[in-house]
Amino acid sequence: IFQVLLGIFFNVHSAVLIEDVPFTEEDFKDGPERIYRLYEQVSYNCFIAAGLYALLGGFSLCQGRLNKRKEYMVR
């Protein structure tokens, strides 16, 4: 959930998160468009990370349930 919220805040170009955007001094020369693209890139990375966490969490949950079933079948 935290990654999704970060992705949303990066997507709306939150000024508080400017320290987490990988920019150089040259990015400020051409106006805000480059900075907005960097914000959106970081936003997409957060959404991808959230998706991977959900996918791996679901896989882990399924594996845990399958392992419990095997224990009950042996006894």
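Every read-out reported here was derived from the displayed coordinates using simple, explicitly stated rules and does not represent laboratory data. These numbers were taken from a predicted model, which means no experiment stands behind them. As a convention, Cβ positions derive from the backbone with ideal geometry for all residues, glycine included, and neighbour counts pool all protein chains shown.
Data for the structure
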item	result
Note, ³J(HN,Hα) from phi for region 26-35, Karplus 6.51, -1.76, 1.60, rounded to Hz, x at Gly and Pro	5, 5, 7, 6, 8, x, x, 4, 5, 5
Rounded tilt (10° steps) of 2-11 against the dominant C-alpha axis of the chain	20 degrees
HN-Hα J in Hz across region 52-62 - Karplus 6.51, -1.76, 1.60, θ = phi - 60°, x for Gly and Pro	5, 4, 5, 4, 5, x, x, 4, 5, 5, 4
Mean Cα-pair separation over length for the chain, i.e. relative contact order, pairs under 8 Å, 6 or more apart, %	39 percent
Packing-based ranking, highest mean first, of 22-29, 44-51 given that Cβ atoms within 10 Å are counted	44-51, 22-29
